[in-house]
Each structure stands twice: as structure tokens, then as C-alpha cells.
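Take a look at the structure below.
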């Protein structure tokens with residue numbers, strides 16, 4: 001039975017990883033179009049990716065936007081989580097539902113709605129506009145992760161600190177924040193990855209001046225389909241894996257999630 005279970009698990013993993021494996025193999029093809037299996041092998045596509053100025057510039061913009069969105073989303077998520085977990089007030093359930101509502105709405109609907117909201121404000125194709133749009137879809141994740149961390153905090157520790165003379169701000173800074181730090185880090189990483197990888201909403205918000213890497217890839221695919229896209233996909237997968245490994249080494253995935 002154990003052997004059968006191992007075989008089934010191996011087949012399942014192969015099925016799930018098959019698209020990534022195919023992309024990885026195709027990225028080494030020397031032909032100027034996507035095909036499998038490769039006719040010959042080369043690192044030429046990777047060289048072209050790192051020499052593509054449009055991709056490099058869009059990558060830099062995506063990293064900056066993702067970092068800012070991650071930090072702001074964590075700050076907003078912390079404030080909302082504190083309000084929803086620690087205080088009782090009229091409309092708390094409604095606010096909690098509205099915060100998590102983006103989970104229930106398709107991305108294309110959110111994209112159209114955000115475009116209609118940002119357009120009259122003159123924020124289309126601007127860094128402020130794309131960051132606000134990305135905050136709308138990342139804050140629910142930070143609220144979720146930080147709320148779970150807050151609910152696991154023993155309030156008696158905070159109360160003991162206040163009994164011994166610590167101010168509320170000191171308790172928050174010296175006790176609460178360290179205890180919920182796994183949720184903060186997990187929420188920030190998730191927010192960064194979502195912002196970095198978001199394509200549907202970005203296509204409605206940005207244009208040439210503030211194009212992100214996903215939108216730049218989409219524009220590239222309109223005119224060309226060569227192994228360069230597969231090579232870029234492999235690079236992005238490796239970056240995502242590196243981020244996950246970093247979180248695992250710092251705090252552990254189970255503790256973060």
C-alpha cells in the first residue's frame with residue numbers, strides 16, 4: 001500500500017509540475033518560435049532576456065511597485081486587523097465583509113470598476129493609480145494573515161505589561177508587533193508577489209509610461225512568441241521560489257501562514 005501511495009503521489013506531482021517542466025525545457029530551444037521538444041539547446045534566450053531593455057525596465061518598475069504596495073498593505077492590514085479583532089463597534093461585521101469582498105469578485109470585474117473610479121481622478125497610467133489598484137486586491141490578504149496572528153496572541157501578556165506600567169504604544173511596539181511578525185512578513189510577501197504578478201487589473205490601469213512586467217510580457221506576445229518568453233518565465237519562477245525559501249529560512253512557512 002505504501003508503494004502504491006508513493007507512486008500516486010509521484011504521478012500527482014508530475015502532473016502538477018508538467019507545465020513548468022515543459023516551459024523550462026522549451027526555454028533552451030534555439031528556434032524563433034515556441035515548440036516542444038527543442039530542436040537544439042542553447043542559453044541564447046536567457047541572454048536575450050537580460051539584454052531586453054523593455055523587460056529590465058518593466059521588471060524594475062514591478063519590483064518598486066510591489067515593495068511599496070507590500071509595505072502599505074501590511075500597514076493598512078495591521079490597523080484593520082487590530083480594529084476588527086480587538087474592538088467591538090457597530091458595523092464591524094460589515095467592514096470585515098467589505099475588506100474580504102475582493103476575494104469574491106472576478107478580477108475582470110475589479111479591473112473595470114477600478115478603471116472607472118481612477119479615470120475621473122486622472123490616475124490612469126500613473127504610479128499612484130496602479131498602486132491604489134494593487135492595494136485593493138492585496139489588503140484582503142494582509143488582513144487575513146495578520147488577523148490569524150493577532151487571534152493567536154495571548155492578551156494576558158499585553159495586560160501584564162500594562163499592569164507593570166507600559167504605555168499602550170510601548171505594548172504595541174515591544175509585544176504585539178513581535179508576536180504578530182510572522183503574519184506581517186507573510187502578508188507582505190503575499191502582497192508583493194500578487195502585485196508583482198498581477199496582469200488583468202494592470203492591463204486596464206497602466207499604459208506605456210508605467211507598464212509593469214506582466215503587461216510588458218502581454219504586449220510582447222502580441223507580436224512574437226519565441227523561447228525568450230519561456231526563459232523569462234523560468235527566471236520569474238526562480239525568483240518566486242527564492243522568496244518562498246527566504247521566508248522559510250527566516251520564520252518558517254507553517255508559522256507564517
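The values are calculated or read from the model by the stated rules, or taken from the named source; none is laboratory data. What you are looking at is a predicted structure, and each value in this text was computed from that prediction instead of being measured. With ideal geometry, Cβ positions are generated from the backbone for all residues, glycine too; neighbour counts draw on all protein chains shown.
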## Note on the structure
Quick count over segment 94-128, residues being part of a helix (DSSP H, G or I), loosely packed, with under 11 Cβ neighbours inside 10 Å and touching a helix residue (DSSP H, G or I) at 6+ places or on another chain (Cβ under 9 Å), is 1
### Task
Please identify the pairs in which a residue from segment 1-20 that is in a helix (DSSP H, G or I) has its Cβ atom under 7 Å from the Cβ atom of a residue that is modelled with pLDDT of 85 or more, counting only partners at least 6 apart or on another chain.
20/237
### Message
Quick check on segment 150-171. Is at least one of its residues in contact (Cβ under 8 Å) with a residue 40 or more places away in the chain and part of a helix (DSSP H, G or I)?
### Response
yes
### Task
Filter segment 21-44 for residues that are in a loop (DSSP other than H, G, I, E, B) and at pLDDT 80 or above and give the result.
27, 28, 42, 43
### Summary
Those residues of segment 217-227 which are touching a residue at least 12 places away in the same chain (Cβ under 8 Å), touching a helix residue (DSSP H, G or I) at 6+ places or on another chain (Cβ under 8 Å) and either surrounded by fewer than 23 Cβ atoms within 10 Å (Cβ to Cβ) or not in a helix (DSSP H, G or I) (or both) amount to 217, 218, 220, 226
### Message
What's the total number of residues in segment 45-56 that are in contact (Cβ under 8 Å) with a residue 24 or more places away in the chain and either farther than 14 Å from residue 216 by Cα or not in a loop (DSSP other than H, G, I, E, B) (or both)?
### Response
6
### Query
From the list 68, 64, which one is surrounded by 15 or more Cβ atoms within 10 Å (Cβ to Cβ) and in a helix (DSSP H, G or I)?
68
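Picking from 238, 246, which residue would you name as being over 23 Å from residue 25 (Cα atoms), outside any loop (DSSP other than H, G, I, E, B) and at pLDDT 75 or above?
Only one candidate qualifies: 246.
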